[in-house]
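The structure appears right after this line, and notes come after that.
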Amino acid sequence: MVLKKGREKPLLNRHPWIFSGAIERIEGDPKAGDAVYVTTLKGDFMGVAVFNPVSQITGRIMSWQDQDLDDDYWHDAIHQSVNRRAWLNLEPNTNGYRLINAESDGIPGLIVDKYDDYLVFQCLTKGIDVRKDQILSQLQNLTFPNSNQPKAIVERSDAGVRKKEGLAQTSGIASGSIPDDGIWFLENDLSFKVDLLNGHKSGFYLDQRDNRQLLGLKSLVEGKRVLNCFAYTGGFSAYAAHSDASQVISVDTSIPSLELAEQNVLKNTPNRPNDEFIAGNVFDVLRHYQEHDEQFDVIVLDPPKFAHSAKDINKATRGYRDINLLGMDILRPGGKLLTFSCSGLISADLFQKIVFGATVDANRQATILKSLHQSADHTVSMHFPEGYYLKGFLLEVQ
Ligand code: SAH
């Protein structure tokens, strides 16, 4: 693959993507998924990429060195990524976390998460999809402190982005077996049940671990009334309940998610007579509380991605503004708001401006007590800033 004149710049900065428009010509007759050499127009070697003519991102650099994508490559790439998490010292209190974060760990298109003794992987590109067996045999041999080799490996290649690579969605058990009624894993010593085959992402929003732990501070929630919006399977709710919030209300549109949320809360904190699990649209539920003058001490707003492409940015901006305004309206003076955006296209700076606008419109004053980010196992490569997607604030709102 030969690049157009001057189009090697991003690669010189070690950004791994090669867009179709940057390519001068393809040499030989590579098939989708094949490894190809990438050179400048002058013939200088840039790296080894996987090729996919169907995708706008026609090449993704898998190695900056001249090497085959053989078993040694996969062994080294996977171990380097897994070892990158060792400093976090998560086990044994936390045994659910991300092992490989695709581009951000130098392996474009591959995501691997661990839940107790189970692994879940996602192939997001053709280059990864055609090498599934090679990758699986490496994953099978991984060992972890305080736990065994994987009991099962689950494939969750059902993300929408596969379409752009010309790939169908697929999921299932790739090896081993999993219990029918789901598995339990530990996060900061709390137990969570996860449905690896049908849950969102790989089953759980592991990226919010540090922010859930923050909400679990007794100094924030003990004796307080907490509203967890977009609760999914009750991650934030379980921490708040465990730290003796007087009431935790979880809101989500998904009834199966709320059923799991209730199990997760009660598993960790058995006696919670005041808690509620409300199936409904957060926008409507917040308006209902507003109309009925209900107030909360702590509110979590962790909506799904509102901006999927550049054309969504204005609409997403309004969405974030509206929920933050509604949330602030029902927050007691001095109350705390944990507010997030997981839209990569909404920068931290823009998100801060949106929440500022909502604060002014709500006629309140807010202090940023802490800026919040995705947990550290969801690495961000300096060379791939797109990997920093989850941002948020802990606010005190007067
Ligand atoms: N905070 C969660 C993750 C939230 S994911 C955690 O820590 O695990 C976003 C959730 O929002 C999903 O469960 C989805 O079902 C829910 N959702 C999406 N749109 C919604 C809406 N308008 N009202 C309520 N829930 C919604």
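The values are calculated or read from the model by the stated rules, or taken from the named source; none is laboratory data. Only a predicted model underlies this, so the values are computations on that prediction, with no experimental measurement involved. Here the Cβ positions follow ideal geometry from the backbone for every residue, glycine too, while neighbour counts run over all protein chains shown. Note: areas computed on protein heavy atoms with side chains; ligands, DNA, RNA excluded. Shrake-Rupley method; radii C 1.70, N 1.55, O 1.52, S 1.80 Å.
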Might you let me know whether the range 389-396 holds any residue that is more than 22 Å from Y205 (Cα to Cα) and of a type in the set (G, A, S)?
-> no
Consider only pairs whose beta carbons are under 6 Å apart and that are at least six residues apart or on different chains; among these, list those whose first residue lies in the range 142-166 and is within 30 Å of V54 (Cβ to Cβ) and in contact (Cβ under 8 Å) with a residue 60 or more places away in the chain and whose second residue is open to solvent by 20 Å² or more (accessible area, probe 1.4 Å) and basic (K, R).
-> E165/K126
Could you tell me which of the residues G166, G109, G96 is buried (at least 23 other Cβ atoms within 10 Å of the Cβ), at positive phi and not aromatic (F, W, Y)?
-> G109
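So, L217, is that one out of contact with any helix residue (DSSP H, G or I) (no Cβ under 6 Å at 6 or more places or on another chain) and under 23 Å from K391 (Cα atoms) or not?
Judged against the criteria, L217 is a match.
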Odd one out for A279, checked against (1) within 14 Å of the ligand (Cβ to nearest atom); (2) farther than 30 Å from F185 by Cα = (2)
Considering every residue within the range 262-273, establish whether at least one is in a loop (DSSP other than H, G, I, E, B), of a type outside the set (D, E, K, R), free of Cβ contacts under 8 Å to residues at least 40 places away in the same chain and closer than 19 Å to L338 by Cβ.
-> no
When the range 227-257 is checked residue by residue, the ones that are buried (at least 23 other Cβ atoms within 10 Å of the Cβ), within 11 Å of the ligand (Cβ to nearest atom) and in a helix (DSSP H, G or I) are G235, F236, S237, A238, Y239
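Can you tell which of W74, W87 is on the phi < 0 side of the Ramachandran plot, open to solvent by less than 10 Å² (accessible area, probe 1.4 Å) and outside any loop (DSSP other than H, G, I, E, B)?
W74
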Selection count where residues are more than 18 Å from L338 (Cα to Cα) and away from the ligand (no atom under 14 Å from the Cβ), scope the range 176-226 | 14
Looking only at the range 169-193, count how many residues are open to solvent by 50 Å² or more (accessible area, probe 1.4 Å) and hydroxyl-bearing (S, T, Y).
-> 3
Kindly check whether there is at least one residue in the range 291-308 that is under 21 Å from L215 (Cα atoms), in a helix (DSSP H, G or I), of a type in the set (V, I, T) and more than 9 Å from the ligand (Cβ to nearest atom).
-> no
Kindly check whether there is at least one residue in the range 200-209 that is on the phi > 0 side of the Ramachandran plot, touching a Phe, Trp or Tyr at 6+ places or on another chain (Cβ under 8 Å) and of a type in the set (G, A, S).
-> yes
Do you know which residues across the range 13-54 are assigned to a loop (DSSP other than H, G, I, E, B), open to solvent by less than 50 Å² (accessible area, probe 1.4 Å), out of contact with any Gly (no Cβ under 7 Å at 6 or more places or on another chain) and polar (S, T, N, Q)?
-> T40
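Name the single residue that is nearest to the chain's Cα centre (by Cα) among those in the range 294-307 being over 18 Å from T253 (Cβ atoms) and open to solvent by 10 Å² or more (accessible area, probe 1.4 Å).
D297
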